[in-house]
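Visitor: Once you've had a glance at the structure underneath, I'll fire off some questions.
Since every read-out is calculated from the coordinates, none of them should be taken as a lab result. All figures in this text were calculated on a predicted structure; none of them were measured in a lab. All Cβ positions, even for glycine, are placed from backbone atoms using ideal geometry, and neighbour counts span all protein chains on display.
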Amino acid sequence: MNFTYPRTIDNGHGEEITFERFIPDENGGKVEGLSRVHPGAGPPMHVHFLQDECLTIVEGKMGTQVEGEAPVFYGPGETAVFKRGVAHRFWNAGEEALVCKCWVAPAYNFEYFITEVFQSIKTNGGDKPSLFDGAYLLSRYKTEFDMMVIPNFVKKIIFPVAVLFGKLTGRYHKYAGAPTPMAKG
């Protein structure tokens, strides 16, 4: 996908990312940006199977948690790095806006995926994507991303049925031209 920069996405639920630039390289490139998170907001436990993620706090207080571990807190000037394959979450643990410089590398389909997830959350008017969008995106990009808060039963039984129904009813025309998923290394 060819994006223009800077470009801001907003999930309508307290998270905003401004993608500032993409740095291409032979390993899938690196996307850099600025993340703004309202107090209490942040993504649920998730994993990037192929991407490392880095957040450096500019303003505010950030809580982080790696699956199975105790929360850790960061303040301005401190950096949290989440290695590929490590389930994690982060949130604004303060009373003011959390602002972080961030990057994801190799970027692969991260920018496309998170843009579509944020759009669905915003359109859905809630704190999660619609069933059809979530099922499609997490099924298509399952080699790159997963959401730990979604039960395996839902991912293995409900999502395939939702994707089939979504295809039959034409709900996925908006994903025409979606980038090819990357294989796990």
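Visitor: Applying the selection to segment 129-154, what residues are more than 17 Å from A87 (Cβ to Cβ) and either touching a helix residue (DSSP H, G or I) at 6+ places or on another chain (Cβ under 6 Å) or surrounded by 20 or more Cβ atoms within 10 Å (Cβ to Cβ) (or both)?
Guide: Correct list: P129, S130, L131, F132, D133, G134, A135, Y136, L137, S139, R140.
Visitor: Failed condition for T123, given (1) surrounded by fewer than 19 Cβ atoms within 10 Å (Cβ to Cβ); (2) under 21 Å from E53 (Cα atoms), with all others met?
Guide: Only one criterion is unmet by T123, namely (2).
Visitor: Taking segment 2-52, which residues are among the aliphatic types (A, V, I, L, M) and out of contact with any Phe, Trp or Tyr (no Cβ under 8 Å at 6 or more places or on another chain)? Working first, answer last.
Guide: At the first step, the residues of segment 2-52 found to be among the aliphatic types (A, V, I, L, M) are 9, 17, 23, 31, 34, 37, 41, 45, 47, 50.
Within segment 2-52, I23, L34, M45 meet the criteria.
Visitor: In segment 50-86, which residues are hydrophobic (A, V, I, L, M, F, W, C) and either under 14 Å from H38 (Cβ atoms) or surrounded by fewer than 18 Cβ atoms within 10 Å (Cβ to Cβ) (or both)? Break it down stepwise before answering.
Guide: Just the residues of segment 50-86 that are hydrophobic (A, V, I, L, M, F, W, C), to begin with: 50, 54-55, 57-58, 62, 66, 70, 72-73, 80-82, 86.
Across segment 50-86, the qualifying residues are C54, V58, M62, V66, A70, V72, F73, V81, V86.
Visitor: Sticking with this structure for a sec: So, in segment 103-112, how many residues would count as being within 15 Å of R7 (Cβ to Cβ) and either over 16 Å from the mean Cα position of the chain (by Cα) or buried (at least 21 other Cβ atoms within 10 Å of the Cβ) (or both)?
Guide: The total comes to 4.
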